[in-house]
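Have a look at the structure below before the remarks.
The values are calculated or read from the model by the stated rules, or taken from the named source; none is laboratory data. This one's a predicted model, so the numbers in the text were calculated from it and none came from an experiment. In this analysis, Cβ positions are derived from the backbone assuming ideal geometry, glycine residues included, and neighbour counts consider all displayed protein chains. SASA here: full protein model, heavy atoms, side chains in, ligands and nucleic acids out. Shrake-Rupley method; radii C 1.70, N 1.55, O 1.52, S 1.80 Å.
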Amino acid sequence: MNNKFFIGISILILLLTSGCTNKELDALNKEKEILTNEISQLKELISEKDKKIDQLEKVNSNKTTESWELKNSLNLIRFSSSVRDHSFDQLEEVYKIHSKYVTKDDWIVISDDLFQIELLEYENAKKVDFYVTKLESDEGPIKVFIDTDSTDGWKYTDHNVSEIVHKHKQSTEGTSYKPYFVIYTEVTLKDGNVIRTSKLPIVNK
């Protein structure tokens, strides 16, 4: 009797234990499913946030570039103003450039080796000396051409202007300044008086 009783109790306990375990497993599975869904939602949210961060970083990078370019343009305009004798617009009445160029930040930007500039007016002058001064350099003005014949205009033509503008100052750290320079002339009139014309700021691209 006692053995049968204990066997029955043991079977009942096993059945009860088995039943509790299944309920716990069901609860764990449901909890796991909930957590899995939450993880999936979090991953989607993180992916969206990463995309947003990438967009903001690109915007920030573009704004930084725009800010740097604007600051650089302002510096170039100030630099041009500091080396000129007159307003930039007035220089068109003094010089005519026959080679290809663009105007940027109050600088004449040239890219070709062939360069030709003409001094306007002064038809009755005796001669015109063309000078180049390389900025950010310890060198003084360089007389690059003397024109004594005004029949075709007072012109200075250089077929390899980069040889002049590329010879610019190099710092002790090994970095070079961009080749900015100015061109001006000294006009010798027939009465012997000499007139120095306005400086034209030029940069080699």
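Laid out as a table, the results:
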quantity: Top-ranked residue of segment 71-97 - restricted to ones that are free of Cβ contacts under 8 Å to residues at least 24 places away in the same chain and under 20 Å from Val187 (Cβ atoms), ranked as most open to solvent (accessible area, probe 1.4 Å); calculated: Glu92
quantity: Complete set of residues in segment 81-107 that are under 28 Å from Asn193 (Cβ atoms), among the aliphatic types (A, V, I, L, M) and either in contact with an Asp or Glu (Cβ under 7 Å, 6 or more places away or on another chain) or outside any loop (DSSP other than H, G, I, E, B) (or both); calculated: Val83, Leu91, Ile97
quantity: Filter result (at pLDDT 90 or above, surrounded by 15 or more Cβ atoms within 10 Å (Cβ to Cβ) and either among the acidic types (Asp, Glu) or not in a strand (DSSP E or B) (or both)) within segment 142-178; calculated: Asp147, Gly153
quantity: Among the residues listed as Phe130, Phe79, the single one being touching a Ser or Thr at 6+ places or on another chain (Cβ under 8 Å) and of a type in the set (A, V, I, L, M, F, W, C); calculated: Phe130
quantity: Residue list for segment 92-124, filter: of a type in the set (D, E, K, R) and touching a Gly at 6+ places or on another chain (Cβ under 8 Å); calculated: Glu118
quantity: Odd one out for Asp106, checked against (1) surrounded by 10 or more Cβ atoms within 10 Å (Cβ to Cβ); (2) out of contact with any helix residue (DSSP H, G or I) (no Cβ under 8 Å at 6 or more places or on another chain); (3) charged (D, E, K, R); (4) closer than 30 Å to Gly153 by Cβ; calculated: (2)
